[in-house]
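Nothing in this text is a laboratory measurement; each read-out follows from the coordinates by a stated rule. Remember, predicted model here, so these are calculated numbers, not experimental data. Note that we place each Cβ from the backbone using ideal geometry, even for glycine, and neighbour counts take in every protein chain shown.
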Amino acid sequence: MKVNDVVSYDVDGSIAVITVNSPPVNALSNAVRQGVAGAIQTAMGDAGVDAVVLICEGRTFFAGADITEFGKPPVEPTLRNLQLIVENTTKPVVAAIHGTALGGGLELALVAHYRIAVPSAKCGLPEVNLGLLPGAGGTQRLPRIVGIPKALDLITAGTPVSAKAAKEMGLLDELATEGNLRADAIALAQRVLDEGRPLSKVRDRSEKLDEARGKPEIFADFRKANARKFRGFNAPESIIRCIEATLEMRFEDGMTFERQLFNELQADSQSAAQRHVFFAERQAAKVDGIPADTAILPIAKVGVIGAGTMGGGIAMNFANAGIPVTLVETSEEALNRGLGIIRKNYETTASKGKMRMEDVDGRMALFTPSVSLSDLADCDLIIEAVFEQIDVKRDVFGKLDAIAKPGAILATNTSYLDIDDIAAATGRPQDVLGLHFFSPANVMKLLEVVRTKDSRPEIVATAMKLAKTIGKIGVLVGNGFGFVGNRILAARNTQADQLVLEGATPWAVDKVLYDFGFAMGHFQMRDLVGLDVGWNREKTASANVREILNEMGRHGQKSRGGYYDYDENRKQTPSPIAMQVIEDFAAKQGIARRDVSDREIHDRILFAMVNEGARILDEGIASRASDVDIVWITGYGWPKYRGGPMFWADLQGLPVVLDRLKALQAAHGDAFAPSALIERLVAQDKGFKDA
Ligand code: 3HC
Ligand code: NAI
């Protein structure tokens with residue numbers, strides 16, 4: 001029997017089965033909540049029914065509240081009212097879980113009297129990733145069933161746990177047989193009836209809470225251990241306070257407290273930013289202008305040229321996805337060095353328990369080392385990661401043209417070079433694109449997929465799909481200097497360099513960016529990456545501070561000195577030597593140093609980045625403002641809770657941004673000339689979100 005478009009009701013013996021089918025992820029929309037409430041009422045009024053199973057069709061159990069309904073007026077029954085209906089039934093309710101029981105979905109399962117899941121299911125409260133806390137009793141019920149320490153971990157991390165782990169910690173009562181959930185759930189309901197088991201309510205349980213009473217250090221230690229991870233984010237602290245409340249307040253008061261803190265977070269710009277990021281990530285995967293039925297090319301074998309900093313990490317991504325990789329270098333020595341680093345990386349992963357030591361050899365067996373490009377003849381995709389020099393890259397692509405099989409995708413990992421120019425070294429520019437990975441390439445989530453004027457749709461669609469296969473977030477960008485990410489970085493570089501010449505210290509610049517929420521400051525990042533990346537030993541001419549530091553052998557962390565000095569534990573201190581270099585160079589340039597305020601550092605750096613982002617958008621190098629945000633969040637550590645540079649600018653209001661740019665232009669020159677896009681959007685009373 002259909003209750004409404006998304007919920008149906010049938011009876012098996014004396015067990016009512018409420019089935020929800022609301023694609024794609026059974027989010028708890030108005031229709032879903034109304035349908036489930038109606039079905040529960042039917043079951044209660046049905047004299048032939050003794051118990052209820054709540055189950056979903058499609059790929060998953062409820063994936064949470066419907067995020068698209070956030071900020072809209074509440075519609076009855078609210079999730080909390082639906083929970084009251086379920087929790088207070090007079091007939092036991094069994095939640096039958098497959099796929100992912102997330103957020104409000106798991107909170108609904110927590111008011112069922114019993115929970116069963118298939119082994120492949122996952123359970124989690126991911127609200128923290130949206131800048132929220134579980135607002136439907138998750139912070140009050142989960143500690144009562146799994147204990148305080150586990151609840152702290154689970155809710156502040158937001159990462160789902162496997163059904164097996166959930167069963168072990170008491171969150172689930174039983175595991176079902178894969179593929180047999182409905183029957184096993186009905187059987188559990190029947191057993192509950194046969195054995196006369198009580199209507200067990202999580203809210204009434206206290207034994208797990210009692211274990212933590214009188215131990216305030218649990219919370220203090222947890223805050224301390226995670227201080228770095230939580231820095232800047234508001235949601236984790238609110239979550240901790242709610243979990244503390246389980247020990248201090250009655251259940252109902254804890255629920256009121258949770259609601260209050262949830263409302264505060266929901267109204268906060270951090271949550272708006274993090275929700276923006278959630279949808280922006282999914283939007284990035286969608287490519288405008290490429291038909292949905294575009295053929296995806298099979299990628300069964302990959303070639304990587306160059307086993308240096310980037311090539312090794314790039315190759316690991318494919319091996320991790322089970323795809324064999326042929327790795328080409330110029331000498332056996334370079335190959336061995338590259339492979340040695342890869343093996344060491346895997347061994348470190350294994351020593352942290354994240355993979356099994358006995359699997360390291362198997363993973364290494366996926367690599368075929370070679371010193372000959374001709375060994376790439378059978379590869380479906382070849383990625384070049386050799387030195388950043390156009391003649392070297394063109395030489396490699398010219399040779400590849402004669403070796404690669406017809407239709408193979410030829411990709412370059414260049415940071416700044418013109419990919420059309422590289423493609424022109426082949427007779428098949430339609431098969432060439434950029435795959436711009438970020439360092440460390442086996443870790444960083446971002447992959448800029450660079451489309452040239454000739455790249456054919458199939459290779460673009462395949463690259464975007466491949467990004468997901470290897471666990472990256474692919475963002476499609478156009479072929480222009482530095483693409484999206486590095487071009488904005490270049491704008492930041494210019495301001496940061498200029499600021500230190502005019503009178504700021506590198507550490508003052510770094511502190512402003514750190515306080516804004518970046519994981520590290522600008523000069524700290526340079527020292528970490530290496531000041532010699534892109535530096536040419538032959539052509540260096542003491543033309544800027546960076547060249548001079550390199551000439552002095554100060555290449556950054558790896559040589560224990562760059563802008564900072566580093567001790568044997570890589571602990572940094574501001575370097576008086578670097579400061580002297582800066583002061584001398586400024587004097588040589590005739591720049592009179594002055595006091596530079598933190599506000600000036602903040603505005604010059606961040607507004608220059610926003611302005612560059614706007615230009616990139618206007619030129620079509622990025623197709624959406626949200627793509628620019630994703631690039632900077634996933635590739636460069638822009639704080640997620642500020643939503644990316646374009647979202648951040650919209651939050652200030654573009655008229656404010658425009659005024660500030662004009663003032664900066666008057667004071668510091670045309671680097672701040674406002675992008676035409678900003679002018680147009682302000683005139684139309686719009687934001688980047690409408691661009
Ligand atoms: N509300 C609305 N839409 C949602 C949604 C949700 N909670 N979760 C996913 N979607 C949408 C996505 O936007 C996407 O839409 P699109 O196809 O139009 O782009 C579609 O569902 C499929 O999502 P994915 O592409 O992410 O599919 P996957 O299979 O890769 O992943 C998932 C599925 C694991 C469920 C993943 O979507 C996910 O993690 N969703 C978010 C879950 C979440 O954060 N839940 C908590 C919500 S807040 C809450 O419950 C508050 C409560 O405490 C009161
Ligand atoms: P690297 O110097 O660490 O490695 C380059 C490797 O290529 C060396 O091992 C070298 O022996 C090898 N090589 C040179 N010519 C070759 C040839 N003809 N055939 C086979 N191998 C050859 O350089 P890195 O840092 O890995 O950079 C590689 C590319 O990745 C560059 O284009 C760079 O701009 C880009 N890139 C670098 C990033 C970084 O943070 N290092 C980030 C993103 C892109």
Relative contact order of the stretch 532-656, pairs being alpha-carbon contacts under 8 Å that are 6 or more residues apart, as %:
12
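Which value at 222 nm does the chain reach when only helices count, each DSSP H run of 4 or more adding -39,500 (n - 2.57), with the total divided by all residues and rounded to the nearest 500 deg cm²/dmol? Walk me through the numbers before you get to the answer.
Working: 29 runs with 324 residues, N = 691.
Using -39500 (n - 2.57) per qualifying helix, the result is -14500 deg cm²/dmol.
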Distance violations [Cα-Cα > 21 Å] among LYS167/LYS201; LYS167/LYS445; LYS150/LYS468:
LYS167/LYS445; LYS150/LYS468
How about LYS405: which aspartates and glutamates have a C-alpha closer than 15 Å to its C-alpha, ignoring those fewer than 8 places off in the same chain?
ASP375, ASP378, ASP380, ASP431
I need the calculated FRET efficiency for the pair ARG599 and ASP10, taking r as the beta carbon distance and R₀ as 60 Å, to the nearest 0.05.
0.40
Kindly work out what percent of the DSSP beta bridges joining two residues of the chain are antiparallel, to the nearest 5.
30
Taking Cα pairs under 8 Å and at least six residues apart, what relative contact order does the chain come out at, in percent?
8
Provide the percentage of antiparallel DSSP beta bridges, counting only those with both residues in the stretch 302-481; round to the nearest 5.
15
Give, as a single signed number, the net charge of other residues whose beta carbon lies under 12 Å from the beta carbon of PHE397, with Lys and Arg counted +1 and Asp and Glu -1.
-3
To the nearest 0.05, the calculated FRET efficiency linking MET552 and LYS686 through their beta-carbon distance, R0 being 51 Å, is 0.55
Given labels modelled 7 Å from the Cα in the Cβ direction, how far is it in nm from SER351 to LYS399?
3.5
Net lengthening on full extension, LYS164/GLU264 (0.36 nm per residue, minus Cα-Cα):
32.6 nm
Looking at the stretch 50-126, which chymotrypsin sites (Phe, Trp or Tyr not before Pro) are in a loop (DSSP not H, G, I, E or B) and have at most 14 other Cβ atoms within 10 Å?
PHE70
Using 0.36 nm per residue, how much length does the chain from GLU174 to ALA541 gain when fully extended, once their Cα-Cα distance is taken away?
125.1 nm
Whole Å is fine, so just give me how far the alpha carbon centre of the stretch 93-170 lies from that of the stretch 481-539.
42
Could you grab the relative contact order for the stretch 302-481? Cα pairs under 8 Å, six or more apart, rounded to a whole percent.
21
Nearest 5 percent is fine: what portion of the DSSP beta bridges confined to the stretch 7-266 is antiparallel?
30
Rough spin-label spacing in nm, given labels placed 7 Å along Cα→Cβ, for ARG343 and LYS224
4.1
Considering only C-alpha atoms, what is the centroid distance from the stretch 633-691 to the stretch 200-277, in Å?
35
For ILE290 and ALA183, what is the calculated FRET efficiency with R₀ set at 56 Å and r taken between the beta-carbons, to the nearest 0.05?
0.80
